[in-house]
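Everything below concerns the one structure shown next.
The values are calculated or read from the model by the stated rules, or taken from the named source; none is laboratory data. For clarity, every value in this text was computed on a predicted model and none was experimentally measured. Quick reminder, even Gly has a Cβ in these numbers, built from the backbone with ideal geometry, and neighbours come from all protein chains shown. To get the accessible areas, we keep the full protein, side chains included, count just its heavy atoms, and leave off ligands, DNA and RNA. Shrake-Rupley method; radii C 1.70, N 1.55, O 1.52, S 1.80 Å.
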Amino acid sequence: MFVGSGGNEVSEGTNDLLDRLYLNDGKGKFTYSSGAIPMNTLNTSVVLPLDYDADGDIDLFVGSRSVPMQYGLNPNSFIYQNDGKGAFKDVTASVAPQLKELGMVRDASLSDVNKDGKKDLVIVGDWMAPVTLLAKGAKFEKADNGLEEYTGFWGAIKVLDVDGDGDNDMVLGNMGENFTLHTQLDAPLKIWVKDFDKNGSIDKILTKTINEKDSPVFLKREMAEQFPALKKQILQHAEYAKKSLQDLFPSDVLEGSLTKTVGYCKSIVAINDGKGNFTVVALPEVAQLSCINAIEQTDVNHDGKPDLIIGGNYTGFIPQLAMIDASRGNVLINKGKGQFEVLTNQESGFVLNGEIKQILPVKVKSQTEYLALINNEVPRLFALKK
C-alpha cells in the first residue's frame, strides 16, 4: 500500500510529508517498509502502478500537486523503478526527464492513446494543458496531442472509448463556467510567481486579462499588505482599478517570474483520431455549473455505450472568489459522437452534496456499486438498479 502525503502546514523536507510504503504479509497485515521508496516531501496527488521496463514487477508513477507552502511553483513528479523485491529508486532523469517541474499535477491515467500496444501516460493539473507522454521502449517521450493551448484547472481524467471507434478518448474535468474569474483562450488568467520584493519568500500575483492588459485580481488592500511599497504609489481605489500589473511593477521586477495561464475552463470530452491527437467537445451546460473532481464510467441504460457519473465542487477559495458548489453529482448518458445527455438528479437517483473528491467502483457480492468520497463527510454508496 503506497500512501502519498501532503499539506501546507509545514515546508518541503519535513518528515511529516514523507510518502510511505506498507508491505502486505498476504493475510491483510501491513508493515511500514522504511527506506523502500525515495524521499519525497512534495504534495503527492496521484500514484499509478505501471511496468514501464516490462520486467514483470510493479513500478510507480508519482505525481506532485505542489511544493508545500509555495503554491505556484512547479514540483517534480517521478518514475520509481522496482528492484523486484519491493525497493524503489528514482529513475526519472533517464526515463522521463519531462516530469521535472512538469506542472501542478492533479490526476493521471495510463492508457494506449496511439494504438501501438503500449501504455502511455496522460497527465493533467492546475495551470496546465493536458500532457501526453508516449511509451518508447523503456522511456517516455512528450508528444503533441492537439490540446496544447487548452490550459486549465484540470482536476480529473477518465480514459474510455466514448465514440466506439476502438481507440481511447478522454473525459477531462475542469473548473467549469460558473467560476467568478471568467477566462478565454485569448484572454487568460495568469499567475506570476517570484520573490518580487526580495524578502526571501515566494510571492504569487493573480491577474485577469482586461482589454489586453494584465489586471490584478487581488484587492488594493491585499496587494498593499503583500507589497507595502505600493502604499505610496496607489492612493485611491479608483486609481488602483485602472492599473495593470505592468503599471504597478517595473519591468525588471517582473522579469524572470514564473508565469502560467488558464485560458479554458470547460469540462470536456477529448475525441481521439486514433493517433493520439484529440479534438475538444464540451460537456453539456449542466456539467459546467461546477468543477469536476471525480469521473467514473458505467453503462447506465444498457445500450452498450459508456455513460458517466461525475461529481465536483470546491469551497476553499478566498471570499471574493466565492465558492463553486452547484454540483449535486450528475449522470450523463452517452448519445454517441462525444455528445452526452444529462439526467436530472430525480431521474438518476444520484444526489450528493459537498466536495465530491472520488467516485469508485466497488464489488458488493456479485454487483458493482459506486462509492462516492466526499471531503469531511461520510462516504456514500450507490447501486445501479437492473
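Mind telling me which of the residues Asn313, Asn330 ends up being in contact with a Ser or Thr (Cβ under 6 Å, 6 or more places away or on another chain), without any contact (Cβ under 8 Å) to a residue 60 or more places away in the chain and surrounded by 15 or more Cβ atoms within 10 Å (Cβ to Cβ)?
Exactly one residue qualifies, and that residue is Asn313.
The set of residues in the range 295-317 being more than 19 Å from Asn145 (Cβ to Cβ) and assigned to a strand (DSSP E or B) consists of Glu296, Gln297, Thr298, Asp307, Leu308, Ile309, Ile310, Gly311, Gly312, Tyr314. Taken over the range 197-212, the criterion of being open to solvent by 20 Å² or more (accessible area, probe 1.4 Å) and of a type outside the set (Gly, Ala, Ser) is satisfied by Asp197, Lys198, Asn199, Ile202, Lys204, Leu206, Lys208, Thr209, Ile210, Asn211, Glu212. If you go through the range 334-385 and keep only what is in contact (Cβ under 8 Å) with a residue 12 or more places away in the chain, part of a loop (DSSP other than H, G, I, E, B) and touching a strand residue (DSSP E or B) at 6+ places or on another chain (Cβ under 7 Å), you end up with Gly338, Phe350, Leu352, Gly354, Glu355, Asn375, Leu384. Restricting attention to the range 137-163 and to residues that are out of contact with any Asp or Glu (no Cβ under 7 Å at 6 or more places or on another chain), in a loop (DSSP other than H, G, I, E, B) and open to solvent by less than 60 Å² (accessible area, probe 1.4 Å), the residue that is nearest to Asp107 (Cα to Cα) turns out to be Trp154.
Ile37 satisfies every condition listed in (1) outside any strand (DSSP E or B); (2) of a type in the set (A, V, I, L, M, F, W, C); (3) surrounded by fewer than 21 Cβ atoms within 10 Å (Cβ to Cβ) except (3). For the range 40-96, the tally of residues that are within 19 Å of the chain's Cα centre (by Cα), open to solvent by less than 40 Å² (accessible area, probe 1.4 Å) and on the phi > 0 side of the Ramachandran plot stands at 1. Cβ-Cβ contacts under 8 Å between residues 6 or more apart (or on different chains), taken from a first residue in the range 282-294 that is assigned to a helix (DSSP H, G or I) to a second residue that is of a type in the set (A, V, I, L, M) and crowded, with 18+ Cβ neighbours inside 10 Å, are listed as Val286/Val342; Ala287/Ile310; Ala287/Leu332; Ala287/Val342.
Which count do you get for residues in the range 83-130 that are assigned to a loop (DSSP other than H, G, I, E, B) and under 14 Å from Asn168 (Cα atoms)? Step through it out loud before you land on a result.
Step one: list which residues in the range 83-130 are assigned to a loop (DSSP other than H, G, I, E, B), which gives 83-87, 91, 96, 100-103, 112-119, 129-130.
Okay, now just the ones that are also under 14 Å from Asn168 (Cα atoms), so 112-119.
The number of residues fulfilling the criteria is 8.
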